[in-house]
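The next block holds one structure in the form of structure tokens; read it before the comments.
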Amino acid sequence: MSRVATASAISAHPVSTGHGPATRPNMVQVGTMVWLSSELMFFAGLFAVYFQLRAVSHELWAEQTAKLNVTFAVCNTLILVISSVWCQIGVMKAERGQVARTGKLSQIGTWGMREWYVLTYIFGSIFIAGQVYEYAKLVSESVTLSSDRYGSVFYMATGFHGLHVTGGLIAFLLIIGRTFMTRRYTHTQAVGAVVTSYYWHFVDVVWIALFAVIYLLK
């Protein structure tokens, strides 16, 4: 009789197979996602301003968008998108605990998180350099921050995005530097690499939207 009661109690209260703390979402990751959501709303506001000014300045937009080098912007966009791929590979290496390469530098298959994040940093820096070059060309064609409505919203939208990319590059430097300063790569440090990837993918997606609106939408 007691065995039946015990069995009933067990079936009524199934034993949890997981560990409480391990199955809970990481608060750093959750906090990062919440913060990125607020940043998304900020960029949504910039998009709203862009469309509002565009709606009342058709001729100005047609004149100024003709000065954009779409081919160059496509190449620069591809560089940023590819950097996001390198970043994700680096995250997978971090989650496996492979911080640095296990073979020669020429053996890409043996690369760890550090090498892939360095490559991500290089591609991100090229993107920023490309943006600076584009700014210089537009300024030479009298498209400046204070020239007209188009110049103001163009530099505001792309400039704020550029600042976000620069912030991501600084984060990559911190993550890479930490791999040289520590002997044992901890779970906390791996979480730092993961949330940095969240941020980088975010700026990538935002730029794709900016590119489509500014360079492709006529």
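See the values below:
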{"quantity": "Cβ pairs under 7 Å, 6+ apart, first in the range 31-47 and farther than 22 Å from SER152 by Cβ, second assigned to a helix (DSSP H, G or I) and hydrophobic (A, V, I, L, M, F, W, C)", "calculated": "THR32/VAL195; LEU36/PHE202"}
{"quantity": "Selection status of TYR215, touching a helix residue (DSSP H, G or I) at 6+ places or on another chain (Cβ under 6 Å) and within 19 Å of MET41 (Cα to Cα)", "calculated": "no"}
{"quantity": "Residues located in the range 173-189, provided they are at pLDDT below 75 and either touching a Gly at 6+ places or on another chain (Cβ under 9 Å) or of a type in the set (Asp, Glu) (or both)", "calculated": "TYR185"}
{"quantity": "The lone exception for SER142 - which of (1) crowded, with 19+ Cβ neighbours inside 10 Å; (2) hydroxyl-bearing (Ser, Thr, Tyr); (3) not in a helix (DSSP H, G or I) it fails", "calculated": "(1)"}
{"quantity": "Qualifying residue in the range 117-129 (condition: modelled with pLDDT under 95, of a type in the set (Ser, Thr, Tyr) and either surrounded by fewer than 12 Cβ atoms within 10 Å (Cβ to Cβ) or under 30 Å from ILE214 (Cα atoms) (or both))", "calculated": "no"}
{"quantity": "Residue identified as among the acidic types (Asp, Glu), under 17 Å from the mean Cα position of the chain (by Cα) and either surrounded by 15 or more Cβ atoms within 10 Å (Cβ to Cβ) or at pLDDT 95 or above (or both) among ASP204, ASP148", "calculated": "ASP204"}
{"quantity": "Considering residues of the range 166-201 that are under 10 Å from the mean Cα position of the chain (by Cα) and among the polar types (S, T, N, Q) only, the residue surrounded by the most Cβ atoms within 10 Å (Cβ to Cβ)", "calculated": "SER197"}
{"quantity": "Tabulated pairs, the range 110-127, first among the aliphatic types (A, V, I, L, M), second not in a helix (DSSP H, G or I), C-beta under 7 angstrom, 6+ apart or interchain", "calculated": "MET113/GLN98; MET113/VAL99"}
{"quantity": "Given (1) closer than 25 Å to THR186 by Cβ; (2) at pLDDT 95 or above; (3) crowded, with 20+ Cβ neighbours inside 10 Å, index of the condition VAL99 fails", "calculated": "(2)"}
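Each row is one residue, and each column tells you yes or no for (1) touching a residue at least 12 places away in the same chain (Cβ under 8 Å); (2) among the small types (Gly, Ala, Ser); (3) in contact with a strand residue (DSSP E or B) (Cβ under 6 Å, 6 or more places away or on another chain); (4) closer than 24 Å to VAL206 by Cβ.
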{"site": "ALA73", "(1), (2), (3), (4)": "yes, yes, no, yes"}
{"site": "THR102", "(1), (2), (3), (4)": "no, no, no, no"}
{"site": "LEU105", "(1), (2), (3), (4)": "no, no, no, no"}
{"site": "PHE154", "(1), (2), (3), (4)": "yes, no, no, yes"}
{"site": "THR158", "(1), (2), (3), (4)": "yes, no, no, yes"}
{"site": "LEU163", "(1), (2), (3), (4)": "no, no, no, yes"}
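The values are calculated or read from the model by the stated rules, or taken from the named source; none is laboratory data. Quick caveat: nothing in here was measured; it's all calculated off a predicted structure. Backbone-built Cβ (ideal geometry, glycine too); neighbour counts: all protein chains shown.
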